[in-house]
1. Of the listed peptides 619-631, 445-457, 170-182, what is their order by residue-averaged count of other C-beta atoms within 10 Å, with the highest listed first?
2. If one computes the Cα centroid of region 415-434 and of region 57-117, what distance in Å separates the two points?
3. By per-residue mean of other Cβ atoms within 10 Å, what is the highest-first order of 555-561, 429-435?
4. Does anyone have the angle between helix 550-565 and the longest principal axis of the chain? Alpha-carbon axes, 0 to 90°, nearest 10?
5. Hey, got the dipole for region 357-482? About the Cα centre, +1 on K and R Cβ, -1 on D and E Cβ, debye to the nearest 20?
6. Have a look at the DSSP beta bridges in region 231-359 and tell me what percent are antiparallel, nearest 5.
7. Where the accessible area of the chain is counted over protein heavy atoms with a 1.4 Å probe, how much of it, in %, is carbon and sulfur?
8. With n ≥ 4 as the cut-off for DSSP H runs, can you work out [θ] at 222 nm for the chain, using -39500 (n - 2.57) per run divided by the number of residues, rounded to the nearest 500?
Amino acid sequence: MPSLTRVEATARAALITVESYQVDLDLTGDGESFRSAVTIRFRATPGAETFAEVKPRKLLGVRLNDRDLDPAVLDDNRLPLTGLAAENTLTVSAEMAYSNTGEGLHRFVDPADGETYLYAMSFLDDVQRIFAAFDQPDLKAPVTLSVTAPPEWIVAANGPVAARPAPGRWEFAPTAPLATYFVTLIAGPWHVRRDEHDGIPLGIYCRRSLAAHLDADAEEIFTVTRQCLDRFHQLFAERYPFGKYDQAFVPEFNAGAMENPGLVTLRDDYVFRSAVTDTQRELRATTIAHEMAHMWFGDLVTMRWWDDLWLNESFAEWASHWCNVHATRFTDAWTRFLTVRKNWGYRQDQLSSTHPVYCDIPDVDAVEVNFDGITYAKGASVIKQLVAYVGIDAFVAGLRSYFAKHAWSNATFSDLLGALEEGSGKDLRGFAAQWLETAQVNTLRPEVVVGPDGSYESVAVLQEAPADHPTLRTHRLGIGLYDRDGDRLVRRQFIELTVDGARTEVPELAGVRVPDVLLLNDEDLTYAKLRLDERSMATVVRHVSDLDNPLARALCWAAAWDMVRDAELPARDLVAMVCDGLPAERDVNLVTGVLAQARSALTFYATPQWAPTGWARLAATAQAAVALAEPGSGHQLAWARSFVAAARSADELAVLRGWLDGTAVPDGLEVGIDLRWRILQALVAGGASDEAAIEAELDRDRTAGGERQAAMARALVPTPEAKAEVWRRLTGTEPLPNWLQRAMLGGFYHPAQVELTAPYATRYFEVLDRIWATRDSEVAQEFVEAAYPAYHVTEETASASDAWLAEAGHPAPLRRLVAEGRDAVVRALRGRACDAAAAG
């Protein structure tokens, strides 16, 4: 299928203006396909020719103005249109295929009750799987949708229901002008809860088998929604522009959520079926806020082309965390942003595929792989730095001007930058060039000279950049000085300054008494890796949990993690720091994030000879923390999950078996559905359980979630025969549903099964091109990333990657993903060498 290029999109936008879409869908067919009919009215340069896009199972009819076109003119997904008039009407009818990959109109049959559910995902260019369209973001137009469905179903769409002329017939009001990738609907026997806030109708949907779980959390979801609406109204000085605000929790969704105006779709993992930590609740709240921010940034004002994708996502990422802090109970949201999201950005920015935040997107195929940590987390960090640079009031003034000027149309980053310059009175072109048009990340180190009286003689901030990306940026940041006060480390002084160039003096600290901890980038205003001076590092290693605010602690943990990844700190030292300091941590976000880093350190950066010792120490620490935590708390659950993940020995697995059987369960620990599956998967991976136990657990949880977890458990069975069967299914000619591939990939590799999966480290490269060429884009990319033999940290894996990359003819996005896998292996090899050196 040809990928729409920016050149083609620009040319088409110069020729036509789309006035409206009238879409009619019949969903009452055989379960394999549905009928689609669309009438598009558009203006054009008389005599021009262009094309529309459609991906039908069978094209039934095409009529342009007063002439029928032969359906055979369809060339792949392109429908040529010639001899255009000034005013045109295009009607296309087709039989369209349902999807099981989360693209187009996805069809799901719930194993819990046999009910069928549909939802539409039109992003990136998948509206063409639903109806014919001029599929590019700057050809926005109102959409009027009509749907025929089984009479017992509920149907919802972007706009409100206008009429129900007959059972099963749903007619929706015309929408405001939408980009085609925002068009959505849901259909099926959905469970729905409704509310209203400030004149805005609210709805939340889930499938009926999850109704009790949604109802249990409905008030929390509505509360966050109301709080975010109020805060964004205040921030943007522009009311929510799309009438109703529905949120549908849908099954087998590939993304976290999608910002369809009037009907946001979210993955139904956010409908919690058992006990969760506040980290998960905060993530759900952040996702709600993220998609709502898009209603203004992306939906009301839409990018002209995909090279401004970063702006949509970066802004929503920043706004969601800002809103959580200022509107919801999750007032430490920036801590999770640093621990999880920003670290994602740092990792992505140090790969060979690193790119500027603002980068060239020549065609639609290049978009998918740019949904990365740079587009989201680094971009949001740059916006946070911009706010520190110009001030929140000037930033908000610029945003309000931008929305007022470009509402219902398309705009570019240059348009936004102009509005922000006007609001702040500052020239921001240099800022943009430094931060958005260059790649990689700087490292900031303190240089301190201490006098004989215990005061600083001088303090300077040293800035470094990698040799192949030598940009030294201007950083607006804070420096915090922390002193011990009893059992706490309390901030005594905070200063803000601008760091510029390789060395920046801090004259404000000359003559100041040396603190126990000097923390660069306190309050996390800029985007940079951090290092601590010797005295501060020694204090942090012993007393990190004593710092008096979670963001400061998160910065110290982030510095330690960066040092492990940069082969400056042995993995075993990080594990010791985690086991000594993390049990006293009070922020569950930090506990969750740092435990994940400790497990990654053991998996990738510790020597294989020492790793079993590290896993045993982490398991013992986690088990003790479970016993000491407040019964029933999120901390107890987070540590319990870590114990499950770390358990390797027969004794540890026996403890897990007891928890599963209901014996010797720590007081207050709820061994609910999620934890039961985690435990069983750990037992299976350790050879302490079998297929019969998986089937018995599935009988307890005969749901979509249960089937997914059972598939992962079967992929974890530690025998050559089981791995061979999983690989055969993953790489066979019969494509798998997205949920099944994801589950099997999640269980195929395991840090305790490296020898078992060693043969597949080379077989991976034999199947790559075929899978990329024959699978839908989402599932193909997921296979390439998750099946890469990252657990096989060897020179042989790196060499096999190099040999494949040296071959000609591989598509550029595929080449990029393989190169990223190779980068991770090479970095892990350096980390293991550092860890080995620590062993002496």
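The values are calculated or read from the model by the stated rules, or taken from the named source; none is laboratory data. Since this is a predicted model, take the numbers as computed values, not measurements. Quick reminder, even Gly has a Cβ in these numbers, built from the backbone with ideal geometry, and neighbours come from all protein chains shown. For the accessible areas, the whole protein counts, side chains as well, though only heavy atoms, and no ligand, DNA or RNA atoms are used. Shrake-Rupley method; radii C 1.70, N 1.55, O 1.52, S 1.80 Å.
1. 170-182, 619-631, 445-457
2. Taking the Cα centre of each part, region 415-434 and region 57-117 sit 43 Å apart.
3. 555-561, 429-435
4. With both axes taken from Cα atoms, the answer is about 90 degrees.
5. 440 debye
6. Given both bridge residues lie in region 231-359, the antiparallel proportion sits at roughly 25 percent.
7. The computed percentage sits at 51.
8. -13000 deg cm²/dmol
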